[in-house]
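These notes are about the structure you will find just below.
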Amino acid sequence: MYNYITLGQIRAELLSRLQDAGAVMTPAAEADIFIREALRVLNALTLQPGTVDYVFDFEAGDTWKSLNVAGSPRERTVTDSDIYMQIEAMLMEPMSGGVWTGTNQYDITLISGALQYRRDELLLLSAANVVNLLQPSPLASMRTFLPDSTLNLHRVRWIQADSTQGTPYALGREDIISRNADGVNLSIQPGEPDSWMITADSPLSFDCSCPPNQPGTWDMLASFSGTTLDPPAASLVGIPDDWTPALIYGALADVLSNAPEGRDAARAKYCMSRYEQFKKAIVKMPWLLQAQVGQVSVDTPGFKEMDTQCQNWEVNAPEPVIVVGGVDLIALGPFVTGDTVSTVLTVVGNAPVPVADSDPIQLSRDGVDAILAYAQHVCMFKLGGKTFSVTLPLYEQFEAYCRLKNSMYNALGLFRPDMIQEGGRNDVDDPRFQAEGEK
C-alpha cells in the first residue's frame with residue numbers, strides 16, 4: 001500500500017499548477033473529481049494499481065453469478081448523479097447533481113438523455129451487462145420473443161421439462177440459409193432443435209431450427225440495457241467504475257453538439273475523439289486474469305468453448321472450471337450440488353479512489369506527474385478555446401506514460417497480452433462484431 005502522498009497533497013500540487021492555490025476558479029471538490037478520473041483512466045488502461053485476488057464462493061444451486069456485488073473489487077458504484085456533477089463542473093455550471101440549477105444553455109433532461117444513450121451503447125460493445133435469462137420455449141412455433149431491453153443474444157440452451165426425455169444442451173448458432181440447406185420444411189416439423197438464429201426482428205426474437213416437440217425452457221445469456229435514468233433520483237449507471245469516464249465524454253459530445261445555446265463544435269469534437277478511443281478499448285476490457293479452485297489453478301474458458309468441448313458441462317465438466325458468460329458474469333462447472341466451493345479470482349478491481357484529504361493515493365511515484373498532467377488538462381476543459389487546446393500536450397503526456405507502463409509490464413511476462421484477455425475468450429471463439437474490413 002502506498003502512503004507517501006495524500007489526496008490533500010496531490011490536490012494542492014494540482015491547484016499550484018493551475019495557479020489557483022486558493023481554489024477560487026477550481027474548488028477543491030472539482031479538483032478531486034478530476035484526480036479521481038485520472039486514477040480511473042490509468043487503471044482502465046494499465047490495470048494498475050487495481051489488480052487483486054478476490055475470494056468468491058459458489059453454493060449449492062448457484063448457476064451464473066455476477067461479480068458486481070457488495071464488497072467485490074468489481075462492484076459498480078458510480079451513479080448518474082456523480083456523472084452529472086462532473087459534467088456540470090466541466091460546463092462551468094453549479095455542481096448540483098440531478099437537480100439543474102445552472103444557466104439556460106443546458107438542462108438535466110438533455111444531459112440525462114445523452115448519458116443513457118451512450119451508456120447502453122457501451123453496454124452493447126462491452127458485454128458488461130450479460131444476464132442469465134430463463135424463458136419457456138414454444139411448442140407450436142419456432143420463434144421466441146425477448147424483452148425489449150435486450151441488446152444482444154449470446155447463447156441459447158434447451159432444457160427439456162421432462163428430464164427423462166433427454167439432457168439439456170446448448171444450441172449452435174446459424175442463419176436461415178444454412179438452416180434451409182438442411183431442409184426447407186424443418187420449420188413445420190416438430191423435433192429436437194439443434195440451432196438458433198436471429199432473423200427479421202433482431203435482436204428481440206430468435207428462431208430455433210424447428211418447433212420443439214415437447215415443453216421446455218430456454219436457458220439464455222443476453223446483453224441487456226441499463227436501468228432508465230430518472231433524475232433527480234440517483235441510479236447506478238451499470239458500467240464498470242473505471243470506464244465511466246467514457247460515458248462523460250460520450251454524453252458531452254452530444255450535449256455540446258445539440259444544446260441550442262451552449263453549442264461548442266471544437267469541444268464536441270474533442271469529446272467524441274475521447275469517446276471513440278474508449279469505445280475501441282472497452283471491447284477488449286480486461287477484468288479477469290486467472291482463477292483457482294481449492295488452491296489449484298483452473299482454466300477460464302468462455303461458454304462457447306465449453307459448449308463445443310463438453311456439452312452440458314453444467315453437469316458433465318470432468319474437472320472444475322470457471323466459465324465466462326460476459327464481463328463480471330461467471331459460472332463454476334460443474335454446478336455445485338453439495339458443499340460450498342471457494343474460488344480465488346485474480347481480477348482487475350476498481351481503481352482505489354480517495355475521498356478524504358488524508359486518504360493516501362494508491363499510485364507509484366513515477367505516475368504522479370502523469371496524473372497531475374491529466375487532471376490539469378481536464379480542469380481546463382471548462383474554459384474552452386485556445387486556453388483549453390494548449391493543454392492537449394498534457395493529455396498526450398499521460399497517454400505516453402500509459403504506453404510506457406504497459407510496455408514495462410509486457411516485458412515482465414511472456415504471455416501478459418494473453419493473460420489480460422482471459423475474460424474475453426468468448427470473443428476469440430465467437431466474435432460479437434465483424435472485424436473492420438470484412439464483408
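The values are calculated or read from the model by the stated rules, or taken from the named source; none is laboratory data. Everything quoted here is computed from the prediction, not taken from an experiment. Here the Cβ is made from the backbone with ideal geometry for all residues, glycine too, and neighbour counts use every protein chain on show.
Given the criteria closer than 28 Å to ASP230 by Cα, in a strand (DSSP E or B), outside the structural domain of PRO334 (by TED's automatic domain parsing) and in contact with a strand residue (DSSP E or B) (Cβ under 9 Å, 6 or more places away or on another chain), does LEU124 qualify?
Against the criterion (closer than 28 Å to ASP230 by Cα, in a strand (DSSP E or B), outside the structural domain of PRO334 (by TED's automatic domain parsing) and in contact with a strand residue (DSSP E or B) (Cβ under 9 Å, 6 or more places away or on another chain)), LEU124 does not qualify.
With the structure loaded, tell me whether PRO94 is under 22 Å from ALA251 (Cβ atoms) and surrounded by fewer than 19 Cβ atoms within 10 Å (Cβ to Cβ) or whether it fails that test.
Criteria met by PRO94.
Of the residues in the range 340-390, how many are out of contact with any Gly (no Cβ under 8 Å at 6 or more places or on another chain) and assigned to a loop (DSSP other than H, G, I, E, B)?
12
Taking the residues in the range 19-39 that are among the β-branched types (Val, Ile, Thr) and in contact (Cβ under 8 Å) with a residue 24 or more places away in the chain as candidates, determine which candidate is surrounded by the most Cβ atoms within 10 Å (Cβ to Cβ).
Filtering first and then ranking leaves ILE35.
Within the range 254-261, identify whether any single residue is in a strand (DSSP E or B), among the hydrophobic types (A, V, I, L, M, F, W, C), crowded, with 18+ Cβ neighbours inside 10 Å and more than 24 Å from the chain's Cα centre (by Cα), and answer yes or no.
no
If you take the residues of the range 195-220 that are at pLDDT 90 or above and acidic (Asp, Glu), which of them is farthest from LEU139 (Cα to Cα)?
ASP219
State whether one or more residues within the range 6-19 are out of contact with any strand residue (DSSP E or B) (no Cβ under 6 Å at 6 or more places or on another chain), farther than 20 Å from ASP328 by Cβ and among the β-branched types (Val, Ile, Thr).
yes
Taking interchain pairs and intrachain pairs at least six residues apart, which have beta carbon atoms under 6 angstrom, with the first residue in the range 389-417 and farther than 25 Å from TRP287 by Cα and the second among the hydrophobic types (A, V, I, L, M, F, W, C) and part of a helix (DSSP H, G or I)?
THR391/MET380; LEU394/ALA373; GLN397/ALA373
Quick one: VAL355 ticks every box in (1) surrounded by fewer than 21 Cβ atoms within 10 Å (Cβ to Cβ); (2) under 30 Å from LEU7 (Cβ atoms); (3) in contact with a strand residue (DSSP E or B) (Cβ under 6 Å, 6 or more places away or on another chain); (4) not polar (S, T, N, Q) bar one, so which box is it?
(3)
Out of THR109, THR103, which single residue is outside the structural domain of THR387 (by TED's automatic domain parsing) and within 26 Å of the chain's Cα centre (by Cα)?
THR109
Which of (1) over 30 Å from ASN410 (Cα atoms); (2) touching a Phe, Trp or Tyr at 6+ places or on another chain (Cβ under 8 Å) is the odd one out, the single condition ASN104 does not satisfy?
(2)
Which count do you get for residues in the range 129-168 that are of a type in the set (D, E, K, R) and part of a strand (DSSP E or B)?
3
Only residues in the range 42-55 that are on the phi > 0 side of the Ramachandran plot count as the first member; pair them with residues that are part of a loop (DSSP other than H, G, I, E, B), Cβ under 8 angstrom, at least 6 apart or cross-chain, and list the lot.
Close Cβ pairs (under 8 Å, with a partner that is part of a loop (DSSP other than H, G, I, E, B)) amount to LEU47/PRO286; LEU47/ILE420.
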